[in-house]
């Protein structure tokens, strides 16, 4: 095991960990020695991933959570600490971005999008971050989007919530440092299941320096960097993995 990316003995919690990039992070962490808590809305999907983790010789806990509701998040935290006694790595990965014209957004949809992309991650990061601060420290990774730093019509609540997540990262890094490192992982266009709704042209090309969308596996090394000792001097950072999109940071 490369010592920079060795997660042996670590406990990782990943929201949205049953599919897409979250699933790949779960597998990557487990392959490098971490025990993992997989949290998302569908318990059966989480349990299926947990079985894959156990097959690697690691411990796993599957938890159903509504990642926008504080009571559900608090229950997730209690289950995680009851099972493992601590969390060393938290990945706030759950999110949603339904597209529609801004003037058609309902209050319920606005609250749902902001809740899942900012309100929930704040609760999870603040509560686990405080426990990390009181314990042996830890790492928090907030998964944002390039939509937080570039014009993105028709998903304004999503981009705005992710921009708030970016600001939260820097503030929590200052509040909980030096024992807790908090960073933002900012993916661009990736060919996860969300791309199933894209046209063939959208899937084949992208408006970035590489001229293509990312393959899901290409997020793994950035996630491992932020989760591991390899990023020991990285805190409050904004790490773009977008193929070189023309954005302003």
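The values are calculated or read from the model by the stated rules, or taken from the named source; none is laboratory data. Everything numeric here is computed off the predicted structure, so don't read it as measured data. Note: ideal-geometry Cβ built from the backbone for every residue, glycine included; neighbour counts use all protein chains shown.
All conditions but one from (1) closer than 26 Å to residue 213 by Cα; (2) in a helix (DSSP H, G or I); (3) in contact with a strand residue (DSSP E or B) (Cβ under 9 Å, 6 or more places away or on another chain) apply to residue 141; the one that does not is (2). Going through (1) farther than 23 Å from residue 5 by Cβ; (2) surrounded by fewer than 16 Cβ atoms within 10 Å (Cβ to Cβ) one by one, residue 215 falls short only on (1). Number of residues in region 149-160 that are outside any helix (DSSP H, G or I) and buried (at least 17 other Cβ atoms within 10 Å of the Cβ): the value is 3.
Restricting region 222-249 to residues that are in contact with a strand residue (DSSP E or B) (Cβ under 9 Å, 6 or more places away or on another chain) and assigned to a helix (DSSP H, G or I), which is surrounded by the most Cβ atoms within 10 Å (Cβ to Cβ)? Result: 227. Number of residues in region 21-60 that are in a loop (DSSP other than H, G, I, E, B), touching a strand residue (DSSP E or B) at 6+ places or on another chain (Cβ under 6 Å) and surrounded by fewer than 23 Cβ atoms within 10 Å (Cβ to Cβ): the value is 2.
Looking across region 1-20 at every residue that is assigned to a loop (DSSP other than H, G, I, E, B) and touching a strand residue (DSSP E or B) at 6+ places or on another chain (Cβ under 7 Å), the one that is farthest from residue 55 (Cα to Cα) is identified as 16. I need the full set of residues from region 51-69 which are within 19 Å of residue 124 (Cβ to Cβ) and more than 17 Å from the chain's Cα centre (by Cα), in order please. 60, 61 - these are the residues of region 51-69 that are within 19 Å of residue 124 (Cβ to Cβ) and more than 17 Å from the chain's Cα centre (by Cα).
Answer yes or no as to whether residue 151 is more than 24 Å from residue 20 (Cα to Cα) and modelled with pLDDT under 95. Spelling it out, residue 151 is indeed more than 24 Å from residue 20 (Cα to Cα) and modelled with pLDDT under 95. Got at least one residue in region 100-111 being at pLDDT 95 or above, closer than 12 Å to residue 161 by Cβ, touching a helix residue (DSSP H, G or I) at 6+ places or on another chain (Cβ under 6 Å) and part of a helix (DSSP H, G or I)? Yes: region 100-111 contains one or more residues that are at pLDDT 95 or above, closer than 12 Å to residue 161 by Cβ, touching a helix residue (DSSP H, G or I) at 6+ places or on another chain (Cβ under 6 Å) and part of a helix (DSSP H, G or I).
Only one entry in 195, 163 is farther than 30 Å from residue 82 by Cα, at pLDDT 95 or above, surrounded by fewer than 22 Cβ atoms within 10 Å (Cβ to Cβ) and in contact with a helix residue (DSSP H, G or I) (Cβ under 9 Å, 6 or more places away or on another chain), namely 163. In region 71-85, the count of residues that are outside any helix (DSSP H, G or I), buried (at least 21 other Cβ atoms within 10 Å of the Cβ), in contact with a strand residue (DSSP E or B) (Cβ under 6 Å, 6 or more places away or on another chain) and touching a residue at least 40 places away in the same chain (Cβ under 8 Å) is zero.
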